[in-house]
1. Between S187 and T341, what is the FRET efficiency for a Förster distance of 35 Å, r being their Cβ-Cβ separation, to the nearest 0.05?
2. Between beta-carbons, use under 12 Å as the cut-off and find the net charge around P347, counting Lys and Arg +1, Asp and Glu -1.
3. What does the charge add up to near R424, with Lys and Arg as +1, Asp and Glu as -1, over the other residues with Cβ less than 15 Å from its Cβ?
4. Could you give the length gained on full extension between R196 and T150, defined as 0.36 nm per residue of separation minus the Cα-Cα distance, in nm?
5. Kindly flag which residue pairs out of K139/K300; K159/K331; K139/K316 have an alpha-carbon separation exceeding 30 Å in this structure.
6. Calculate, in nm to one decimal, what D256 and K172 gain on full extension: separation in residues at 0.36 nm each, minus their alpha carbon distance.
7. Give, in nm to one decimal, the length gained when the segment between S320 and N365 is fully stretched (0.36 nm per residue of separation minus the Cα-Cα distance).
8. Of the listed peptides 357-369, 411-423, 190-202, 116-128, what is their order by residue-averaged count of other C-beta atoms within 10 Å, with the highest listed first?
Amino acid sequence: MKRIQKGNVPKSFDVAVCINLLLVTSQEDISRMPWVQSRPRVKLTIKLVSSLVSLPYPGINAGSTSGLIVFKYTESRKAIARCGYDYYSDRQQGRNYDIEVVKRGLWSHKAYSSSSILEIYLSVAGAACFQGSIIEWCKDHRRHHRYVDTDQDPYSINKGFWHAHMGWLLWKQTSKRNEVDVSDLQSNPIAAWQDRNFSTIAILAGLVFPTIVAGIFWGDWKGGLVYAGILRIFFFQQATFCVNSLAHWLGSQPFDDTHSPRDHIFTALVTFGEGYHNFHHEFPFDYRNGIKWHQYDPSKWMIFTWEKLGLASQLKRFSSIAIKKGEFKQKQKQLEILRTTIDWGTPISQLPQFTPDEFSVAIRNGEKFLVIEGVVYDVQSFIDAHPGGTKAINSCVGKNATRAFNGGIYFHSNAARNLLDDFRIGTLVSDVPENRFKEDEKAVEIS
Ligand SMILES: [Zn+2]
Ligand SMILES: [Zn+2]
């Protein structure tokens, strides 16, 4: 078999990748074009072909495509480097407009305000990722936030991982969708302009521009189109889709577990910082995603840098008190769940009662009972295992050992107190008689 070497990748493979990716990435946009809308057969064909083409991607094509990148990496490294720039821009667009969902509700501010120059740049660079116009993207995303995990959630994880990832794009949603208000975006001149000219901007910024840059500056026209154009679109779309699938499926829920969003470092790495989705759903207008210093969130750092450069302002954060309250309540909830899984022994209120005389009779009959804080414990099975030795515990048998237990002999730890739960058999109906306290003193002396 001929060994594939750098620069020796079969041409047919490149072509196949191009066609596949174009179909996968742009079928939704093509389907929305007026001339396609009026031709149901064409629309159906595009849907069918793109569905068939995209299905094997996770298993077959992704592997070969990454192999292709490795082989040609050195030739097109500069073109690939451009991918990162475009991707960040795309996520900023999302972050910038995403939080508008809250702006219309309780608060009157966005996560941050950006200058017009930055907004134009983001709207163009965002279009280059072929993920729908700002208005279309936000319509779905607002619906997702408002109706998360329900039938109205366009990418509900409850319909399965694949549906949340890409299936929602490829198959028609059957349930009737509630309208979502995007009038604020429709009245935003930049968002409206991007929506009107989406296909043109997307093709120019996402495919033509990287081809020209890579071609003019280092003569790699094809690399510009395939790597910085088509493959970048494909991989970063997959990364974005992971926010809808992986971020609702993998990880912890430190702020609330009522809904599905989760936090995980792996998702953060795969999605370039969108992995702290539990936080994002709980505190959506916060410009941050990962709030701890070590959490990987380049979008946050980027917005912060823009603020320093005067391109963004009024960065919004939820108060640290509100965030701590959320974290505390969730921890409390988890502790309560843990509490119910532990055997705490028979509740003291349900234990049988011993009179002082009954207690004395039991001791005379050879029982190894002792009393701590009014509760009777049968320590027979524990005497040999007592870490402080048999002498110390035997000296307390038949007596009130409260003081001995709480520091008289040794101040017992939580573990010892928890262990006692296994030995409690009753309560004393009245305090231990006076003479028993005297004997208790004797026990203390033994130590
Ligand atoms: Zn969001
Ligand atoms: Zn989500």
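1. Numbers: r = 53 Å, r/R0 = 1.52.
My answer for the efficiency is 0.05.
2. Details: positive: R424; negative: D343, D421.
Every neighbour counted, the sum reads -1.
3. Details: positive: K368, R417; negative: D343, E367, E373, D378, D421, D422.
Result for the local shell: -4.
4. Numbers: separation 46, 0.36 × 46 = 16.56 nm, distance 3.06 nm.
Gain in length upon complete extension: 13.5 nm.
5. Working: K139/K300 23 Å; K159/K331 28 Å; K139/K316 22 Å.
Flagged as over cut-off: nothing, all pairs pass.
6. Numbers: separation 84, 0.36 × 84 = 30.24 nm, distance 3.12 nm.
Net length gain for the segment: 27.1 nm.
7. On the way: separation 45, 0.36 × 45 = 16.20 nm, distance 6.22 nm.
Using 0.36 nm per residue and subtracting the Cα-Cα distance, I get 10.0 nm.
8. Working: 357-369: 14.4, 411-423: 12.6, 190-202: 18.0, 116-128: 20.4.
Going by the mean number of other Cβ atoms within 10 Å, highest first, we get 116-128, 190-202, 357-369, 411-423.
Since every read-out is calculated from the coordinates, none of them should be taken as a lab result. What you are looking at is a predicted structure, and each value in this text was computed from that prediction instead of being measured. Note: ideal-geometry Cβ built from the backbone for every residue, glycine included; neighbour counts use all protein chains shown.
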